[in-house]
Amino acid sequence: MFKKTQKPPTPEEVRDYLVDKFPTKIARKRAKQIVVNSCEDDGSVPEILSNTRTTPGVITQRGCSYAGCKGVILGPVRDILTITHGPIGCGFYSWLTRRNQTLPDSPESPNYMTYALSTDMQESDIVFGGEKKLKEAVREAYGLFQPKAIAICSTCPVGLIGDDVHAVARDMKAELGINVFAFSCEGYKGVSQSAGHHIANNGIFAHVVGTKEEGVPGKFRINMLGEYNIGGDAFEIERLLKACGITLVASFSGNADYDQFASAHTADLNCIMCHRSINYVAEMMETKYGIPWIKVNFIGAEASAKSLRKIAQYFDDPDLKALVEKVIASEMPEVERVAADIAARTTGKTAMLFVGGSRAHHYQELFKEIGMKTLAAGYEFGHRDDYEGRVVLPSLKPDADSRNIEELDVHPDPEKFSPRKSDEEIKKLIAEGLSLHDYEGMMKDMEENTLTIDDISHHETEKLIELWRPDVFCAGIKEKYVVQKSGVPLKQLHSYDYGGPYAGFKGAINFYRDIDRMTSTRIWRHIKAPWQVNPEITAEFAAA
Ligand code: SF4
């Protein structure tokens, strides 16, 4: 343990201390998942081990594959009726925990997000099979709501007993005459919720995208991929796009509905927010329909401005470029005024972010804008390309867990494939500096001698806080009260606690203000763990 009188531990010493208590084999593995950040002249960063199984017994932040499919990807979709085939707990605990918001077209338009539907499997279903019960559930749900589409999500026991959810979906599709599709997203698939994202997106791509001929009209038509409308983020992004004259055809899947997915193939550009959860959909859409993609980030005022400019550069239209500049110029003064006021109190303060597959990267922008430094960051379910950039993709080898997730065999659609830009136009855009089909990852943007930690455990979290005591820690609900008991405020970046939106320019202002409140209050220095104030259990050796 480090004493207060010693000089602060180096990042290498911190890494060694974090893994110190683990058995040798586990410590060796964890050390490969904890990297001291540095960037070579050629832009390369150290290799990090990621997307690997969490060691049993280590408390992880991760969720299951089912949670990634049903909770993350399908959770924000308002008019696909999603039925969880499984015990009631799986359905209940994946229901609206991310505070996704939605805005139906009219008060009469369907919105099923406020319902949690489940087959509520019992022991007899496990013994005798649950397919009959599932069919009854689909019929009952259709009778109650008459939705356009029904999705069935599988939980662990469904895979273990071998219920054929896809056969049930096919039968129900034929019987009811609506789109019914199923996901084999059993919780044990893959190493984290990332597998569930992949399974969900593959299913939406295979069963829904391309089934509606026409999308919303517009001159500059885009899809937003990997934006989940937490705390109203999508509303702020939609406001900005509208002000710039950019039409949103489909959102995957914040504030989304079925028709958006069905017509997504008509857009002219895919913009990826969360690289981890959805980059493969952009690739499949390019192969099948000819739609190029760019990476964007609407978290952070500067990042939002950069993203709008990137979209305008892609469409290469002078009027669009001028309007984008006008919108940025009208939004920035208020952002800069608030940031300057708050930075007077936050400059020099520190943050740690352990969340998601892109969020730990994106939110560093917001902290920078108010003068705060990120000491350590990492993903729960990121892969090497999310950390080190897509440059590492050719060197990634599939393992047993990744082979467990179906790879769709995608080819150009004989009727719907149409390259949106010619090869010459693409070459010209790249020559002019547009970064197409690329993401450089989180590590390159982090300061030297900070730490990147993949799949951080609760033990490591406690030790990290003990050594480097940040002014704010960003993670999820499972970490919130553990961290706050050590006197450090925790901002939830899965659900935003009660705040948001944090996207775009107005969202940036909201975030600065929330972080200012959290890091400026004196309440945290008065917090002591109960056992520090009043040790309840004391014992002495009995006299012989
Ligand atoms: S791990 Fe399995 S049982 Fe647990 S919530 Fe996920 S699907 Fe349900």
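For the reader, a short list of remarks on this structure follows.
- Sorting 297-303, 316-322 by average packing, meaning the other beta carbons within 10 Å per residue, from highest down gives 297-303, 316-322.
- Among the chymotrypsin sites (Phe, Trp or Tyr not before Pro) in the stretch 182-233, those placed in a DSSP loop whose Cβ has at most 16 other Cβ atoms within 10 Å are 188.
- Ligands, DNA and RNA are left out, and with a 1.4 angstrom probe the accessible area of the chain is 45 Å² per residue.
- Cα extents of the stretch 200-252 along the three principal axes, largest first (Å): 33, 28, 10
- For residue 18, the shell of other residues with beta-carbons less than 15 Å away shows a net charge of -1, using +1 for Lys and Arg and -1 for Asp and Glu.
- Accessible area of the chain belonging to carbon and sulfur atoms, whole % at 1.4 Å probe: 54
- Percent of alpha-carbon pairs separated by more than 35 Å within the chain: 38
- Only helical runs count toward this figure. For the chain, summing -39,500 (n - 2.57) over DSSP H runs of n ≥ 4 and dividing by all residues gives -12500 deg cm²/dmol at 222 nm.
- Separation of the residue 534 and residue 449 label points, Cα + 7 Å toward Cβ, nm: 4.4
- Summed residue charge, Cβ within 11 Å of residue 119's Cβ, Lys/Arg positive, Asp/Glu negative: -3
- √(5λ) per eigenvalue of the Cα gyration tensor, the stretch 265-378, largest first, Å: 30, 22, 7
- Normalised by 2.2 N^0.38 Å, where N counts its residues, the alpha-carbon radius of gyration of the stretch 246-311 equals 1.09.
- Built from the Cα atoms of the stretch 323-362, the convex hull projects on average onto 4.3 nm², one quarter of its surface area.
- Residues of the stretch 202-241 with an amide N closer than 13 Å to a point placed 7 Å from the Cα of residue 406 along the Cα-to-Cβ direction: 202-208.
- Packing-based order for 106-117, 332-343, using average beta carbon neighbours within 10 Å, highest first: 332-343, 106-117
- Kirkwood Rh and Cα Rg combined as Rg over Rh, evaluated for the stretch 65-190: 0.95
- Secondary structure note: in the chain, about 15% of the DSSP beta bridges are antiparallel.
- Spin-label pair residue 498-residue 10: with each label point 7 Å from Cα along the Cα-Cβ axis, the two points sit 4.6 nm from one another.
- Calculated FRET efficiency, residue 38 to residue 123, Cβ-Cβ distance, R0 = 56 Å: about 0.55 to the nearest 0.05.
- Sequence ranges 118-126, 361-369, ranked by mean other-Cβ count within 10 angstrom, highest first: 361-369, 118-126
- Unpartnered cysteines - no second Cys beta carbon under 4.7 Å - across the chain: 39, 64, 90, 153, 156, 244, 271, 274, 474
- Too-long pairs where the Cα-Cα distance tops 28 Å, listed order kept, from 463/528; 306/485; 70/485; 32/480; 135/478: 306/485; 70/485; 135/478
- The orientation-averaged projection of the convex hull spanning the C-alpha atoms of the stretch 1-151 amounts to 16.3 square nanometres.
- Contact order normalised by residue count of the chain, Cα under 8 Å, 6+ apart, percent: 19
The values are calculated or read from the model by the stated rules, or taken from the named source; none is laboratory data. The shown structure was predicted, so the numbers you read here are calculated from the model rather than taken from an experiment. Neighbour counts are summed over all protein chains in view; Cβ atoms, including those assigned to glycine, are modelled from backbone coordinates with ideal geometry. All accessible areas refer to the heavy atoms of the entire protein, side chains included, with ligands and DNA or RNA removed. Shrake-Rupley method; radii C 1.70, N 1.55, O 1.52, S 1.80 Å.
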